[in-house]
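Q: Structure in structure tokens, see below.
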Amino acid sequence: MSIGVDIVAALPEVFLALSAIVLLMLGAFMRELSARSVATLAVGAIGLATVLLYFGGGRGELAFNGLFVNDAFTEFMKLLILIGSGLTMIMSLRSIDQERMARFEYAVLLLFATLGMLMMVSANNLISLYMGLELQSLALYVVAALRRESLRSSEAGLKYFVLGSLASGMLLYGLSMVYGFTGTTSFEALGQIFANQEGLPSTGLIVGLVFIAAGLAFKISAVPFHMWTPDVYEGAPTAVTAFLAAAPKVAAMALLVRVLMGPFIDLVDQWQQIVVFISLASMILGSVAAIAQRNMKRLMAYSSIGHVGFALVGLAAGNEAGIRGVAVYMAIYLFMTVGSFAIILAMRVNGRAVEGVEDLAGLSKTNPMLALAMAILMFSMAGIPPLAGFFAKFYVFMAAIEAGLHTLAVIGVLASVVAAFYYLRIIKVMYFDEAADSFDQPVGRELTSVLWISTVVITVFVLIPGPIVEGATAAAESFFIAAR
Amino acid sequence: MSTWPLLSLVTFLPLVGAFFILTARGDEETVATSARYVALWTSLITFLLSLFIWFGFERGTAEFQFVERVEWIPSLNIAYHMGVDGISMPFVLLSTLLVPLCVLASWDSVKTRVKEYMIAFLVLETFMVGMFCALDFVAFYIFFEGVLIPMFLIIGVWGGVRRVYAAFKFFLYTLAGSVLMLLAMLTLYFITGTTDIPTLIYEAEIPRNVQLWLWLAFFAAFAVKVPMWPVHTWLPDAHVEAPTAGSVILAGVLLKMGAYGFLRFSVPMLPEASAYFTPLVFTLSVVAIIYTSLVALVQNDMKKLIAYSSVAHMGYVTAGIFTATQQGVEGAIFQMLSHGVVSAALFLCVGVVYDRLHTREIDAYGGLASNMPRYALVFMVFMLASVGLPGTSGFVGEFLVIMGSFQISTWLGLLVASGMVLGAAYMLLLYRRVIFGVITRENVRRMLDLGWREKTVFAPLILLALIFGIYPMPVLDVMSASVENLINNYQLALGEQPAPNLLAQLLPQSWGGAL
């Protein structure tokens with residue numbers, strides 16, 4: 001296979017890599033270029049990459065000697081990642097100036113992180129998996145600590161780095177175990193080996209699988225590997241937190257699905273227990289621990305832990321409906337998260353960012369439209385129909401019922417009731433409480449437009465479920481075509 | 001008219017009104033006034049449109065009518081399917097009737113955030129009507145749950161002192177029940193491959209052991225909504241704290257959603273499980289009737305008293321439904337409609353005095369008959385209708401339910417009937433303490449009698465309570481074919497035995513002994 005074909009197959013990635021390098025050069029050598037312009041250019045690059053991805057049909061399925069794969073699943077997930085990255089970067093355009101972190105490296109690092117995520121999704125080999133994951137992680141460690149003068153930001157970056165490296169180490173250990181016991185790193189070859197073997201897999205393989213699952217569970221911040229999430233979310237600058245909460249979660253989830261449903265599909269009996277456990281633990285902890293939170297960013301951290309638990313219900317089901325559920329869930333989660341962080345970014349009083357839940361008090365009087373958007377997002381996160389969040393849960397629980405995981409489903413829906421409590425509390429603070437200081441107005445074109453996009457997607461999903469559901473269905477099918 | 005998507009029109013017209021109110025601009029007073037008028041006109045036009053359903057409805061058939069069907073999520077075989085039969089149609093009318101009255105009743109009493117208030121009510125109307133019309137599980141569930149959003153806000157924003165507690169309790173209680181129903185619906189979907197309600201009613205055959213689990217899941221959702229003892233505790237809180245119009249909708253329509261669920265899902269789709277659990281339902285209903293009546297006797301808060309009386313009245317409804325006799329089920333539905341009118345009106349009555357004195361303490365009043373004679377008359381009509389005096393709508397429903405219960409077991413009939421006596425006790429006590437006696441307080445003496453707007457609100461409700469008490473046939477005609485069909489299918493599913501005998505076998509000795 002010629003290198004040209006390979007490059008065409010990975011065109012969006014190649015384009016992103018080149019633009020990141022060009023922007024790095026621009027930033028380094030053109031001192032008069034403001035960080036905002038670099039970030040705007042980066043948003044443009046992501047937009048173009050999206051176009052390349054969306055209209056670049058007819059790419060080869062495998063590229064770079066089978067290290068890289070393209071199918072409906074990667075396409076759907078990459079689209080989500082690019083949308084998530086793009087929207088969160090647009091949101092941060094104003095905030096990087098306000099938060100005194102206007103450095104051109106910000107946008108460049110986020111571009112590299114996005115590139116890493118795309119690579120993760122397309123990984124078809126243990127090596128390319130690790131490469132994509134590390135590219136993403138390293139860029140994000142730095143971004144989390146971007147506000148060097150802020151103690152909290154540095155602490156968040158360091159924590160993220162230390163714990164992240166630990167997880168990467170575990171992952172790498174797992175990968176080497178799998179390689180050691182099978183002699184290959186290719187997903188196809190691994191899948192063949194597991195499909196052809198008789199009896200139980202060897203203990204070494206199981207240990208390797210568990211380590212891989214643990215490493216990836218860290219990246220999606222599933223319980224019991226979630227400890228970094230609240231601290232990093234709280235400590236990192238809000239714009240960075242928004243980025244962390246959206247696209248990387250989608251990418252890591254896609255990677256987990258790819259690994260477990262791809263090469264390890266025949267070990268489903270082994271990994272299903274693990275996934276059921278981390279799903280249950282994440283749903284319960286995410287729901288219960290968030291109740292006591294008074295900081296919006298910490299609350300969103302626990303909320304994201306809970307959401308990951310719900311999405312994992314789909315993966316635990318391990319069937320086509322389950323993968324569709326995961327894909328739909330991540331799509332809707334992305335828009336809900338982006339929208340919520342747009343509001344958190346808008347929480348500024350007298351030029352200073354505030355983060356407490358109580359700071360939202362009386363928002364329905366001081367800024368009714370913002371409060372309405374937040375209420376819609378919160379009801380959606382709680383899974384109340386007719387908003388999109390309900391359908392996200394609907395699809396994953398549908399898969400769980402189909403797979404006969406009734407206990408998981410029952411505990412899951414009850415956890416969602418508990419979780420509803422803290423989402424309702426935010427609505428209560430906004431609508432029932434007396435008004436506090438009003439937020440600085442106007443919140444800015446960037447935030448308003450992102451907020452509009454996410455709220456409209458969440459609201460009209462009930463009328464037009466087509467695009468997301470069809471895409472997710474196609475994505476799920478791509479795992480099962482070979483089996484048919 | 002048949003080419004019009006009448007049900008969708010009635011369902012979604014209020015949303016259009018809500019959208020207009022949302023876009024209203026101007027200073028606060030102008031927006032409030034226009035919001036009131038838009039809400040009133042929208043809900044009135046919706047009511048007029050729903051009259052077309054009433055008159056265009058073909059009596060004497062159990063078919064679903066005004067059916068609309070549009071593909072919604074084709075890959076899952078889920079459609080937007082609407083239609084009404086004799087069981088659901090009256091509730092659509094009840095909902096569309098109560099909303100304009102609520103708007104009128106809140107005309108002056110709601111002064112803050114009128115715009116949002118009216119939007120919440122119109123959105124609520126859409127969800128309520130949609131729920132009664134939906135013939136697809138997913139659509140049903142969306143409407144069923146969607147109701148929580150506006151109601152949560154109505155209680156929480158415009159409610160009383162403990163409104164936050166009440167709103168949360170209401171929301172979480174109901175949500176906890178309904179999510180289990182969602183799982184049951186998904187399970188049904190995987191057994192039968194469809195979410196279409198008529199198909200499930202007529203064709204679904206579900207193994208008995210699965211039925212039992214599904215029934216319990218549905219029961220969790222509907223029992224909370226009804227509410228049945230012992231999961232009724234959210235209701236007094238929600239009623240007491242909600243603004244008057246919120247209580248009216250809560251008592252008038254939302255409580256009916258649970259019982260409607262039993263009629264639409266539990267009994268026709270899970271007949272064997274329904275038969276199996278009938279003793280449980282009877283027990284809980286009887287406890288509800290007697291226990292909550294006794295609780296109502298000692299209340300000092302007017303709204304709380306009426307709230308407890310609602311629980312007792314809904315006890316008749318659940319008992320009636322599960323007798324699975326023509327009289328019992330028709331009585332249950334009639335009782336629901338009557339309760340929808342009467343208890344809604346009673347909450348409006350409380351609202352009238354609350355607007356003037358801003359307290360719901362019974363002891364704060366007394367002697368209103370002398371300075372508010374018209375109010376005393378109106379209150380008396382509804383009080384007697386609630387007690388079930390012959391000639392009022394309350395009598396017909398309760399009488400039919402008691403008849404149905406006697407066919408099942410004398411004991412059941414006796415215990416259910418005891419509720420009428422207790423009901424008379426607490427309602428008459430309430431009436432005596434509020435209306436009769438000598439006025440001792442200056443602020444009570446200064447209270448004014450009903451204004452013209454209040455009279456307008458009460459007039460249609462009085463008419464309905466009296467007309468349906470004297471001549472209930474129009475309502476019974478509408479539902480009889482559907483009810484008959486429901487019972488026939490139910491007995492067919494239980495093996496072509498007449499239901500009472502089979503039920504008698506299942507009942508414990510204390511229930512069945514009298515047969």
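Q: In whole percent, what relative contact order does chain B give with Cα contacts below 8 Å and a gap of six or more residues?
A: Averaging sequence separation for qualifying contacts and normalising by length gives 15 percent for chain B.
Q: Follow-up. Per-residue HN-Hα couplings for the range A:426-431, Karplus 6.51 cos²θ - 1.76 cosθ + 1.60 at θ = phi - 60°, whole Hz, x for Gly and Pro?
A: Karplus-based 3J(HN,Hα) across the range A:426-431 equals 5, 5, 4, 4, 6, 9 Hz.
Q: Mind checking the dipole of the protein assembly as shown: about its Cα centre, +1 per Lys or Arg Cβ, -1 per Asp or Glu Cβ, Debye to the nearest 20?
A: Here the size comes out at about 2340 debye.
Q: Pairs of lysines 8 or more apart, or on different chains, with alpha carbons under 18 Å: count those in chain B, would you?
A: Here the count comes out as 5.
Q: Go through the range A:131-144 residue by residue and turn each phi into a ³J(HN,Hα) via Karplus (6.51, -1.76, 1.60, θ = phi - 60°); whole Hz please, and just put x for glycine and proline.
A: Whole-Hz 3J(HN,Hα) from phi for the range A:131-144: 4, x, 4, 6, 4, 5, 5, 4, 4, 6, 4, 5, 4, 4.
Q: I've got another one for you. Would you compute the Debye intensity of the range A:362-466 from its alpha-carbon atoms alone, equal scatterers and no solvent, and pass along log10 I(q)/I(0) at q = 0.10, 0.13, 0.14, 0.22 Å⁻¹ to two decimals?
A: Treating every Cα as an identical point scatterer, log10 I(q)/I(0) equals -0.36, -0.58, -0.65, -1.15.
Q: Report, in deg cm²/dmol and to the nearest 500, the calculated mean residue ellipticity at 222 nm for chain A, where each DSSP H run with n ≥ 4 adds -39500 (n - 2.57) and the sum is divided by the residue count. Before the final figure, lay out each step's value.
A: Working: 21 runs with 362 residues, N = 484.
Here the helix-only value at 222 nm equals -25000 deg cm²/dmol.
Q: Would you compute the Debye intensity of the range B:119-207 from its alpha-carbon atoms alone, equal scatterers and no solvent, and pass along log10 I(q)/I(0) at q = 0.14, 0.17, 0.20, 0.22 Å⁻¹ to two decimals?
A: Cα-only, vacuum Debye calculation for the range B:119-207: -0.58, -0.77, -0.93, -1.03.
Q: If you don't mind, there's one more thing I want to ask. Between the range A:216-287 and the range B:392-427, what's the alpha-carbon centroid distance in Å?
A: 57 Å
Q: Follow-up. Once label points are set 7 Å from the Cα along Cα→Cβ at both residue A:406 and residue B:4, what is their separation, rounded to one decimal in nm?
A: Distance between the two pseudo-spin positions: 4.7 nm.
Q: Rounded to the nearest 100 Å², what's the accessible area chains A and B bury against each other, both chains counted, probe 1.4 Å? Display every interim value, and only then the final one.
A: Working: alone 18040 and 18960 Å², together 33750 Å².
What A and B bury together is about 3200 Å².
Q: On the protein heavy atoms, probe 1.4 angstrom, tell me the percent of accessible surface of the range A:200-343 carried by carbon and sulfur.
A: Using a 1.4 Å probe with all protein chains present, the range A:200-343 comes out at 66 percent carbon and sulfur.
Q: From Cα pairs below 8 angstrom and at least 6 apart in sequence, can you work out the relative contact order of the range B:181-322, rounded to a whole percent?
A: It comes to 28 percent, rounded to a whole number.
Q: If you don't mind, another one. Averaged over its residues, how many other protein chain Cβ atoms are within 10 Å of peptide A:464-477's Cβ atoms?
A: Details: counts 0, 5, 4, 0, 0, 4, 3, 0, 0, 2, 0, 0, 0, 0.
Per residue, the average neighbour count from other chains is 1.
Q: Which residues does the label zone of residue B:389 cover in the range B:445-469, counting backbone N under 16 Å from a point 7 Å along Cα→Cβ?
A: Counting backbone N atoms under 16 Å from the label point, the list is B:462-469.
Q: Further question: Relative to the Cα centre, what is the charge dipole magnitude of the range B:91-152, using +1 at the beta carbon of each Lys and Arg, -1 at the beta carbon of each Asp and Glu, and rounding to the nearest 20 debye?
A: Rounded to the nearest 20 debye, it is 220 debye.
Q: Mind checking B:178-187 for the average number of partner chain beta-carbons within 10 Å of each residue's beta-carbon?
A: 6
Q: Then there's this: Rg and Dmax of the range A:3-477 over Cα atoms: what are they, in angstrom?
A: Cα only, the range A:3-477: 21.2, 68 Å (Rg, Dmax).
Q: Let me ask something else about it. Once amide H atoms are placed 1.01 Å from N in the peptide plane, what residues at a sequence separation of 5 or more from residue A:66, or on another chain, have their amide H within under 5 Å of its amide H?
A: Amide H neighbours of residue A:66, under 5 Å, 5+ apart: none.
Q: What residues of the range B:157-178 lie in the reach of a label at residue B:359, counting those whose backbone N is under 19 Å from a point 7 Å from the Cα along Cα→Cβ?
A: B:160-162
Q: Once R0 is set to 35 Å, what does the formula 1/(1 + (r/R0)^6) return for the Cβ-Cβ distance between residue A:55 and residue A:189, expressed as a FRET efficiency to the nearest 0.05?
A: Rounded to the nearest 0.05, the efficiency is 0.60.
Q: Can I ask one more? Could you calculate the FRET efficiency of residue A:196 with residue A:477 from 1/(1 + (r/R0)^6), where r is the beta carbon distance between them and R0 is 30 Å, rounded to 0.05? Walk me through the numbers on the way to the answer.
A: On the way: r = 24 Å, r/R0 = 0.81.
Using R0 = 30 Å, I get an efficiency of 0.80.
Q: Right, another one. Could you work out, residue by residue across B:153-163, how many beta carbons of other chains sit within 10 Å of that residue's beta carbon, and then give the average as an integer?
A: Per residue, the average neighbour count from other chains is 2.
Q: Order of B:440-449, B:133-142, A:160-169 by packing, highest average Cβ count within 10 Å first?
A: My ranking of the peptides, most packed first, is B:133-142, A:160-169, B:440-449.
Q: Could you give me D for chain B, from Stokes-Einstein at 20 °C and 1.002 mPa s, where the hydrodynamic radius is the Kirkwood radius over C-alpha pairs? Units µm² s⁻¹, please.
A: Result for D is 94 µm²/s.
Q: Just the number please: accessible area per residue for chain A, 1.4 Å probe, all protein chains included, in Å². Show your work: numbers first, answer last.
A: Numbers: 16440 Å² over 484 residues.
Accessible surface, normalised per residue, equals 34 Å².
Q: While we're here: Leaving out ligands and nucleic acids, note down the accessible area per residue over chain B with a 1.4 angstrom probe, in whole Å². Write down the numbers at each step before the final one.
A: Values: 17310 Å² over 515 residues.
Value for chain B: 34 Å² per residue.
Q: Rounded to the nearest Å, what's the spacing between the alpha carbon centres of the range B:62-128 and the range A:6-49? Just the number, please.
A: Distance between centres, Cα-based: 52 Å.
Q: Continuing with the same structure: Obtain the nm distance between the two label points defined at residue A:7 and residue B:442 by a simple spin-label model: each point lies 7 Å from its Cα along the Cα-to-C-beta direction.
A: Distance between the two pseudo-spin positions: 9.5 nm.
Q: Over chain A, what is the mean sequence separation of C-alpha contacts under 8 Å (at least six apart), divided by residue count, expressed as relative contact order in percent?
A: 16 percent
Q: What residues have an amide H closer than 5 Å to that of residue A:223, excluding those fewer than 5 places away on the same chain, when H is modeled at 1.01 Å from N in the peptide plane?
A: A:282
Q: While we're here: Per 20 Å bin from zero, what fraction in whole % of the C-alpha pairs of the protein assembly as shown is there, up to the bin with the longest pair?
A: In whole percents, the pair-distance histogram is 13, 41, 31, 13, 1, 0.
Q: With a cap of 16 neighbouring Cβ atoms within 10 Å, and only residues DSSP puts in a loop, list the trypsin sites (Lys or Arg not before Pro) found in the range B:1-94.
A: Qualifying residues, ordered by number: B:25, B:59.
Q: So if each residue of separation counts as 0.36 nm, and I subtract the Cα-Cα distance between residue A:173 and residue A:33, what length gain in nm does that give?
A: Stretched fully, the residue A:173-residue A:33 segment lengthens by 46.1 nm.
Q: Moving on to the next point. Tabulate in residue order the Karplus-calculated ³J(HN,Hα) for the range A:451-461, using 6.51 cos²θ - 1.76 cosθ + 1.60 with θ = phi - 60°, rounded to whole Hz; enter x for Gly and Pro.
A: Running phi through 6.51 cos²θ - 1.76 cosθ + 1.60 with θ = phi - 60° gives 4, 4, 4, 5, 5, 5, 4, 5, 7, 8, 4 Hz.
Q: I've got another one for you. Dipole size in debye (nearest 20) for chain A around its Cα centre, Lys and Arg Cβ +1, Asp and Glu Cβ -1?
A: Dipole size: approximately 840 debye.
Q: Okay, moving on. How would you order A:97-104, A:66-73, A:381-388 from highest to lowest mean count of nearby Cβ atoms within 10 Å? The partial results should precede the final answer.
A: On the way: A:97-104: 17.5, A:66-73: 21.0, A:381-388: 26.8.
Taking the mean over residues of other Cβ atoms within 10 Å, the ranking is A:381-388, A:66-73, A:97-104.
Q: What number, rounded to the nearest 500 deg cm²/dmol, is the helix-based mean residue ellipticity at 222 nm of chain B, given -39500 (n - 2.57) per DSSP H run of at least four residues and division by all its residues?
A: The per-residue figure over chain B is -24500 deg cm²/dmol.
Q: Can you give me the long-range amide H partners of residue B:136? Hydrogens built in the peptide plane at 1.01 Å from N, cutoff under 5 Å, separation of 5 or more residues or another chain.
A: B:81, B:197
Q: Let me ask something else. Keeping all protein chains in position, work out how much accessible area residue A:455 exposes to a 1.4 Å probe, and write it in Å² to the nearest 10.
A: 20 Å²
Q: If you roll a 1.4 Å probe over the range A:64-178 with all protein chains in place, what percent of the accessible area is carbon or sulfur?
A: Within the range A:64-178, the accessible surface is 69 percent carbon and sulfur.
The values are calculated or read from the model by the stated rules, or taken from the named source; none is laboratory data. Values in this document were obtained by computation on a predicted structure and should not be read as measured data. A quick note on method: Cβ atoms are made from the backbone with ideal geometry, for glycine too, and the neighbour counts reach across all protein chains shown. Ligands, DNA and RNA are stripped out before the accessible areas are found, and what is left, the full protein with its side chains, is counted by its heavy atoms. Shrake-Rupley method; radii C 1.70, N 1.55, O 1.52, S 1.80 Å.
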